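The values are calculated or read from the model by the stated rules, or taken from the named source; none is laboratory data. None of these values were measured; they are calculated from a predicted model. Positions of Cβ are backbone-derived with ideal geometry, glycine not excepted, and every protein chain shown enters the neighbour counts. Surface areas here come from the heavy atoms of the whole protein model, side chains and all, with no ligands, DNA or RNA. Shrake-Rupley method; radii C 1.70, N 1.55, O 1.52, S 1.80 Å.
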Amino acid sequence: MKRYVIFFLLICANSVFAQVIPDSVDLRNNSYCAVFENNTPARNKYQIAKKWFAANLQNYRDIIVSEDARNCKIVLKPLVLYKADTYSKCYLATLLTFECDNKQFSVKFDNVKRRAAFTTMANVESADTVYQQSKLTTDIEIGKYRRYMALKAKHAPTAEELKEIRSLAFFDNYTEDALRRENMVYYHELQNIVAEIVNKLKLTLEE
């Protein structure tokens, strides 16, 4: 019985580790590529992927750049709508390439951008820009946090320092890790969407 339990746990562990973890999706060069071993015939993988894209990406016919059945390659230019933490709706815009042979398949994202869904906020930001802006915000916020903690540790703060302490008191609810997570929210949103697409497609191809 123990052997079966251990075997089952190993299977679960392998299936978990086989998934793409969002934080491992590095979009700082506005691109990401995942390659997976899969011995299903290439034509089967191509047809399954094509059906999955058609079912899960909006306006499939309009976003096709190319479909190459001979080389089992699909290139798309989707706008993936998602509910953002920062605005009610945003899009992930990218050039998405699926390619496979008899031994593996790959999913590649190029020119990854975030686009607000509102016409009044139609600015498009590259994932790299989003990351840099988030990092800058994080550095500034952590600088303020450290200043606050240093002021709190003083035995006899001046009147000006007491005023500064009161203005920064909201930092009581934060740690440096919490600030990093909060200020990287835009970038994490993009990472999550890319990982979700890859994982769902991967799961479909392995069924």
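The alpha carbon convex hull volume per residue for the stretch 96-148 rounds to 124 Å³. Mean projection of the Cα convex hull over all viewing directions, computed for the stretch 18-78: 5.3 nm². In this structure, Asp23 and Lys83 have a Cβ-Cβ separation that, at R0 = 35 Å, corresponds to a calculated FRET efficiency of about 0.95. Within a straight-line Cα-Cα reach of under 21 Å, Lys163 can be paired with the following lysines, leaving aside sequence neighbours fewer than 8 residues apart in one chain: Lys144, Lys152, Lys154. The lysines whose alpha-carbon is closer than 29 Å to the alpha-carbon of Lys45, local same-chain residues fewer than 8 away aside, are Lys73, Lys77, Lys103, Lys108, Lys113, Lys200, Lys202.
Can you check how the C-alpha radius of gyration of the stretch 41-106 compares to 2.2 N^0.38 Å, as a plain ratio?
Details: Rg = 13.5 Å, N = 66, 2.2 N^0.38 = 10.8 Å.
Taking the Cα Rg and dividing by 2.2 N^0.38 Å, one obtains 1.25.
Taking only the Cα atoms of the chain, the radius of gyration and Dmax are 22.6, 76 Å.
Which FRET efficiency value, to the nearest 0.05, do you get for Glu160 and Gln58 by plugging their Cβ-Cβ distance into 1/(1 + (r/R0)^6) with R0 = 41 Å? Efficiency, from the Cβ-Cβ distance: 0.15. Farthest toward the positive end of the dipole of the chain, out of Thr138, Ala117, Leu81, is the Cα of Leu81, where the dipole comes from beta carbon charges about the Cα centre.
Once the gyration tensor of the Cα atoms in the stretch 120-177 is diagonalised, the equivalent ellipsoid follows with semi-axes of 32, 12, 9 Å, ordered largest first. For Lys73, the residues whose amide H sits under 5 Å from its own are Asp68, ignoring neighbours fewer than 5 places away on the same chain, with H placed 1.01 Å from N. The phi torsions of the stretch 63-76, fed into the Karplus equation with coefficients 6.51, -1.76 and 1.60 and a -60° offset, translate into couplings of 9, 6, 8, 7, 10, 10, 5, 5, 9, 6, 9, 10, 10, 10 Hz, rounded to whole numbers, with Gly and Pro shown as x. Could you estimate the translational diffusion coefficient of the stretch 92-207 from the Stokes-Einstein equation, with Rh from the Kirkwood formula over C-alpha pairs, at 37 °C and 0.692 mPa s, in whole µm²/s? Approximately 186 µm²/s, per Stokes-Einstein.
Measure off, as a whole percent, the carbon and sulfur share of the 1.4 Å-probe accessible area of the stretch 59-191, all protein chains present.
On the way: 3900 of 7880 Å².
Carbon with sulfur: 50 percent of the solvent-accessible area.
Please check which bits of the stretch 164-207 a label hung off Ile140 would reach, taking the label as a point 7 Å along Cα-to-C-beta and the cut-off as backbone N under 17 Å. In the stretch 164-207, the label zone of Ile140 (backbone N under 17 Å from the point 7 Å along Cα→Cβ) covers 168, 171, 179-187.
Ranked highest first by the average count of other Cβ atoms within 10 Å around their residues, in what order do 59-70, 190-201 fall? The partial results should precede the final answer.
Details: 59-70: 11.4, 190-201: 20.2.
Per-residue Cβ counts within 10 Å, averaged per peptide and sorted highest first, yield 190-201, 59-70.
With a 1.4 Å probe and every protein chain left in place, work out the accessible area per residue of the stretch 104-207 in Å², rounded to a whole number. Don't skip to the answer; put the middle values down first.
Working: 5940 Å² over 104 residues.
Accessible area per residue, the stretch 104-207: 57 Å².
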